[in-house]
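Trainee: Submitted below is the structure of interest, expressed as structure tokens.
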Amino acid sequence: MTKSIRRELQIPQPPAQVWHAITDRATLAEWMYPNDFEPRVGHRFTFHVPPNPKVKFEGLVVRCEVLECEPPQEKAGGRLAFSWSAGALADSQVSFHLELDGNGTRLLFEHSGFDDSQPFGEQAFKGAEYGWAKMLKQLTAVMAGPAAEHN
Amino acid sequence: MVATKSRHQDVFEAISHLARRQMLDLLTDAERPVSDIAAHFSMSRPAVSQHLRILLDAGLVSEQRHGRERRYRLVPERLAPVRDWLGHYERFWDDRLARLQQLLAKKNKK
């Protein structure tokens, strides 16, 4: 069985600005990680999560491929989707759906494809580069790092 | 009977070390004596024991005595919080999306 994470955000800025923030490489790097994103279906790119020696995190590469890329129009919403493979989490999908909401934007976010039926061992444990542990550490590092500063 | 050690050792911390993750990997196949585990590493035997102690304290492995030999076995249930990708990713995205919103608000002010 697969599960997903869904979030709905009300953002005061218009869709065009939000679109820029999620599709412009440099801006994307500001809130995500260094990447070689291009707003073009079929483009393969990576996010490079830098090492964090403080928590002995060795760094991680997230592999992605753009699946959908439709900028918001006057009337229609925009849609960006890409695959997400990192560690033992293979081929999940991340999507951003933008809708005009007054003068602002309603952002529908989804990360789907978490397979929780996978038995212990096998891939999860024997996976290349101990992916599960790296991913865990990534997230721990993120939470211990600059993540906390916005409070 | 397996002695219950202090469970103060954090699971996450316990697996933060590559050697300990490799030890856990070794133990997925079968329970193994220390000598067998140590044979896979170039570090000293006491160093191996120290790593095993940390895994033991975190409850990730259990220890059985067979005569003079101590064998270690994986306790897979203890990895549940680690395998909770969904939970980790939820926190991850909440954090990233918060950053996105802050960034947009900041850029707008300029």
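Trainee: What are the ³J(HN,Hα) values, in whole Hz, obtained from phi via the Karplus relation 6.51 cos²θ - 1.76 cosθ + 1.60 with θ = phi - 60°, for each residue of the stretch B:20-32 in sequence order, with x given for Gly and Pro?
Mentor: After applying 6.51 cos²θ - 1.76 cosθ + 1.60, I find 6, 5, 5, 5, 4, 4, 4, 7, 5, 6, 6, 6, 9 Hz.
Trainee: With an 8 Å Cα cut-off and a minimum separation of 6 or more residues, compute the relative contact order for the stretch B:15-110 in percent.
Mentor: In percent, rounded to a whole number, it is 24.
Trainee: How large is ³J(HN,Hα) for each residue in the stretch B:49-56, as worked out from phi by the Karplus curve 6.51 cos²θ - 1.76 cosθ + 1.60 (θ = phi - 60°), to whole Hz, x for Gly and Pro?
Mentor: Values, residue by residue: 4, 5, 5, 5, 4, 5, 5, 5 Hz.
Trainee: Under the rule of at least 5 residues apart or a separate chain, name every residue whose amide H is placed under 5 Å from the amide H of A:Phe114.
Mentor: A:Lys3
Trainee: Still on this structure: Between B:Glu31, B:Glu90, B:Glu63, which gets the highest mean-square fluctuation from a Gaussian network model of chain B, Cα cutoff 10 Å?
Mentor: Maximum fluctuation in the GNM of chain B, among the listed residues, is at B:Glu90.
Trainee: Compare B:Pro76, B:Pro46, B:Pro33 in a GNM of chain B, Cα atoms joined below 10 Å, and give the one with the largest fluctuation.
Mentor: Looking only at B:Pro76, B:Pro46, B:Pro33, the biggest GNM fluctuation is shown by B:Pro46.
Trainee: Oh, and also: By its C-alpha gyration tensor, with a ≥ b ≥ c as the square roots of the eigenvalues, how is chain B shaped: rounded for a/c under 1.5, else prolate for a/b larger than b/c, else oblate?
Mentor: Because a/c hits 1.5 or more and a/b exceeds b/c, chain B counts as prolate.
Trainee: Mind listing the phi-derived Karplus ³J(HN,Hα) values for the stretch A:98-112, rounded to whole Hz, using 6.51, -1.76 and 1.60 with θ = phi - 60°, and x for any glycine or proline?
Mentor: With coefficients 6.51, -1.76 and 1.60, one gets 9, 10, 5, 9, x, 8, x, 10, 9, 9, 9, 10, 8, 10, 10 Hz.
Trainee: Give me, ordered by chain and number, the residues 5 or more places off B:His17 or on other chains with an amide H under 5 Å from its own placed amide H.
Mentor: none
Trainee: So how much accessible surface do A and B hide from each other in total, probe 1.4 Å, in square angstrom to the nearest 100?
Mentor: So the total buried area for this chain pair works out to about 4300 Å².
Trainee: Shifting gears a bit: How far is helix B:85-109 tilted off the main Cα axis of chain B, in degrees rounded to 10, range 0 to 90?
Mentor: Between the helix axis and the principal axis of chain B, the angle is about 30 degrees.
The values are calculated or read from the model by the stated rules, or taken from the named source; none is laboratory data. All values reported here derive from a predicted model rather than from experimental measurement. Surface areas here come from the heavy atoms of the whole protein model, side chains and all, with no ligands, DNA or RNA. Shrake-Rupley method; radii C 1.70, N 1.55, O 1.52, S 1.80 Å.
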